[in-house]
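The values are calculated or read from the model by the stated rules, or taken from the named source; none is laboratory data. Values in this document were obtained by computation on a predicted structure and should not be read as measured data. Cβ atoms come from the backbone with ideal geometry, glycine included; neighbour counts cover every protein chain shown. Just the protein is used for accessible areas: all its heavy atoms, side chains included, with ligands, DNA and RNA removed. Shrake-Rupley method; radii C 1.70, N 1.55, O 1.52, S 1.80 Å.
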Amino acid sequence: MKKVVSVTKARETSLYGSKAVGLGDAARQDLPVPPGVALSGDLVEAVAALSAPFAVRSSAVDEDSAAASFAGQHLTVLNVHSAADVPGAVREVWWSANSDSAITYRQRVGLFTRPSVGVVVQTLLNPAVAGVMFTEHPVTGADERLIEASWGLGEAVVGGLVVPDHFRLDRSGRVLERKVGRKHIAIRSLPNGGTFEQQVPPAQVNQLCLDDVQLAALGELALRCEKVYGPRRDIEWAFQDGTLYLLQCRAVTTGKARSGAPPPGPPPRDPLAALRRVELFAGMDRRQAEQIARLLKERRFAKGETVIMEGSGGAAFFIIDSGEATVSSKGVDLATLGPGDYFGEVALIDGGPRSATVTAATDLVCYGLTFWEFRPLVERNGTIGWKLLQALAKQLRTAVSAGEKIP
C-alpha cells in the first residue's frame, strides 16, 4: 500500500518504519517534533524508480471536471533536475492553486473553497512534437477530433506561445483538414533544470509537424480514451522517439484559460520578524504572532511579473522580504514598495477583488498568507480575531481623519 501521511498519523511500523512511528508517537504526545510527512516503503521505491529529469504536475481535487477544467490555472513544473528539487517544485504547484488567476476562476465557476492540491511526479519526456487533442470539437460540438500541435514540449501550445498546426479528423481517423501554423519557437529542456524557448529553424516554422502515421496514432488514442473515460475528452499528448504518450485526459470544458504562474522559493527564513512589521498584526503578542507566522510561505517573482492584478479575485496577503514592487491603478503608478511593506491584507478578510495592481520592479521575494489558512486560525482563536478587529478599526479611524475615501 503506497501512502504518505503527516508524521502525526504515522502509526504502522510495517508501512513507515520504526523511526517515523516513533516520531509520530512523540508528536501525538505534544513533544516538540518538527513538522514532516512519512512515506511508505513501497511509495519510496516507486519514486526511486523514476529517472530524472521530472515533470511535477498539479492534481487538485476539483480539477479537470466537466464543469471546471482549471486548465492553465494550476502549475506544471518541467525539467526538475533532481529528487532534491522536487519539494521546491511541489511548493510552486501549491502556490499556483492560490494565485489570483486561480482564485478568480474559482469565483467564476462557483468553487470558492480552499484548494486541495495533489501532485503527480513523472519522468519528463523530450518530445519531438506535442500538443492537445479534443475528441469532440470544443466550439461547434461536431463529432470529430480537433488537434493542435507544435515542435518540442506541449507548453508552447498550452501556453499560447505559438500558432500551432491545426488538424481535424473524423471518428474513423480520416483527415478532414490540415492547416499549418507559425511555430517560431519550441520549448526545450535545459541541461541543469528548467526550460527555454528555442528558435525553430526557418524551414520548420511553416512545416506541418505531424504526418499521416502520427495522425492515425492520435485518432486511435482518441478512441481508446473515450472507451476508458467516456466522450468529450481534452487530451494532452507527446511523441518521443516515434512513440505516442498520453500526458493528460480530462473532460472538455468551455472558456479554457491559458496562463502561467510565477514560482515561489524555499521555506521562509524569518517570517516572524516580517510579520511584526505589519500594522494589521502589530497588536498581537509573541505567541499569537508565531501562530500566524507559521502559516507564511515564501513566494518569488521575477522582475516585471504581475504579483496581483486590479479587479481580479484574491485570497492571499504578501509581505515583501527583498526587492521592490510598484503599485498602480488604472495604469497610473501610485507607490513603490520595498522590504517590510505589505499588500493584499483585505483579501484575508473578505476574499474580494484587488483594488490595485502590484508588479515586481526587481526580482522580488515575499512571504504569503492565504485566506484558507488564516480564517480557521481566527475562528479557533477569539483573541486573535478581536485584536484583528481593533487593528482594522484603528486603520478606519485614521483613514477617516485623513479624509480618505472609504470603499
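Sequence gap at least 6, Cα distance under 8 Å: using those rules, report the relative contact order of the chain to the nearest whole percent. Provide the component values of the computation, followed by the final result.
Details: 843 pairs, mean separation 52.3, N = 407.
Answer for the chain is 13 percent.
Using the Cα centre of the chain as origin and beta-carbon charges of +1 (Lys, Arg) and -1 (Asp, Glu), tell me which of N79, A149, L369 is placed farthest towards the positive end of the dipole.
L369
May I ask you to rank S51, S6, S99, S18 by accessible area, largest first, using a 1.4 Å probe over the protein chains only?
Numbers: S51 65, S6 45, S99 5, S18 90 Å².
From most exposed to least exposed: S18, S51, S6, S99.
Of Q122, P35, L247, which is farthest towards the positive pole of the chain's charge dipole, taken about the Cα centre with +1 and -1 on the beta-carbons of Lys, Arg and Asp, Glu respectively?
Value: P35.
Using R₀ = 22 Å, calculate the FRET efficiency as 1/(1 + (r/R₀)^6) where r is the Cβ-Cβ separation of W386 and S6; round to 0.05.
Details: r = 30 Å, r/R0 = 1.38.
Calculated value: 0.15.
Helix 86-96 versus the longest principal axis of the chain: what is the Cα-based angle in degrees, 0 to 90, to the nearest 10?
Rounded to the nearest ten degrees, it is 80.
Quick one: accessible area per residue over the chain, 1.4 Å probe, rounded to a whole number of Å²? Mind dumping the intermediate values first?
Values: 20230 Å² over 407 residues.
Averaged over the residues of the chain, the accessible area is 50 Å².
Trypsin sites (Lys or Arg not before Pro) within region 323-386: which are DSSP loop residues with at most 10 other Cβ atoms inside 10 Å? All intermediate terms of the calculation are to be shown ahead of the outcome.
Values: sites: K330, R354, R380; in loops: K330, R354.
Sparse-neighbourhood loop trypsin sites (Lys or Arg not before Pro): K330.
Once the other residues with Cβ under 13 Å from the Cβ of L190 are scored (Lys, Arg +1; Asp, Glu -1), what is the net sum?
-1
Given the Cα-Cα distance of K330 and T362 and 0.36 nm per residue of separation, how much length would full extension add, in nm?
Values: separation 32, 0.36 × 32 = 11.52 nm, distance 2.12 nm.
Taking 0.36 nm per residue and subtracting the Cα distance, the gain is 9.4 nm.
In the chain, what percent of the accessible surface is made up of carbon and sulfur (1.4 Å probe, ligands and nucleic acids excluded)?
Carbon-and-sulfur percentage of accessible area, whole number: 55.
Identify the trypsin sites (Lys or Arg not before Pro) of region 147-222 meeting these criteria: DSSP loop state and at most 16 other C-beta atoms within 10 Å of the C-beta. Write down the numbers at each step before the final one.
Working: sites: R168, R171, R174, R178, K179, R182, K183, R188; in loops: R171, R174, K183.
Passing both the DSSP loop test and the Cβ count: R171, R174.
Shape call for region 293-361 from the C-alpha gyration tensor, a ≥ b ≥ c root eigenvalues: rounded (a/c under 1.5), prolate (a/b greater than b/c) or oblate? Don't jump to the answer; show the numbers that get you there.
Details: a/c = 1.78, a/b = 1.06, b/c = 1.68.
Oblate shape, in that a/c is at least 1.5 and b/c is the bigger or equal ratio.
Given R₀ = 41 Å, what would the calculated FRET efficiency be for A216 paired with S14, taking r from the Cβ atoms and rounding to 0.05? Mind showing how you got there, number by number?
On the way: r = 48 Å, r/R0 = 1.18.
Working from the Cβ atoms, E equals 0.25.
Treat every Asp and Glu Cβ in the chain as -1 and every Lys and Arg Cβ as +1, leave all other atoms uncharged, and give the resulting dipole magnitude about the Cα centre to the nearest 20 debye. Don't jump to the answer; show the numbers that get you there.
Numbers: 45 positive and 44 negative charges, 155 e Å.
Approximately 740 debye in magnitude.
Taking H as built 1.01 Å from N, whose amide H comes closer than 5 Å to the amide H of S322, not counting residues under 5 places away?
Amide H neighbours of S322, under 5 Å, 5+ apart: V365.
Specify whether the C-alpha gyration tensor of region 152-228 places it in the rounded, prolate or oblate class, a ≥ b ≥ c being the square roots of the eigenvalues: rounded for a/c under 1.5, otherwise prolate if a/b is larger than b/c and oblate if not. Before the final figure, lay out the partial values.
Numbers: a/c = 2.67, a/b = 1.58, b/c = 1.69.
It comes out oblate by the Cα gyration axes.
For E45 and R397, compute 0.36 nm times the residue count separating them, minus their Cα-Cα distance, and round to one decimal in nm. Can you show the working numbers first?
On the way: separation 352, 0.36 × 352 = 126.72 nm, distance 5.96 nm.
Between E45 and R397, full extension yields an extra 120.8 nm.
Given the options G131, L388, A315, identify the residue whose Cα lies farthest towards the positive end of the charge dipole of the chain (+1 on Cβ of Lys, Arg; -1 on Cβ of Asp, Glu).
Highest projection toward the positive end goes to L388.
Roughly what angle does helix 212-229 make with the longest principal axis of the chain, taking Cα atoms, 0 to 90 degrees, to the nearest 10?
Taking the Cα atoms of the chain, the angle to 212-229 is about 50 degrees.
Could you give log10 I(q)/I(0) at q = 0.06, 0.08, 0.12, 0.14 Å⁻¹ for the chain, computed by the Debye formula over C-alpha point scatterers of equal weight, without solvent?
Relative scattering, expressed as log10 I(q)/I(0), comes to -0.30, -0.53, -1.09, -1.33.
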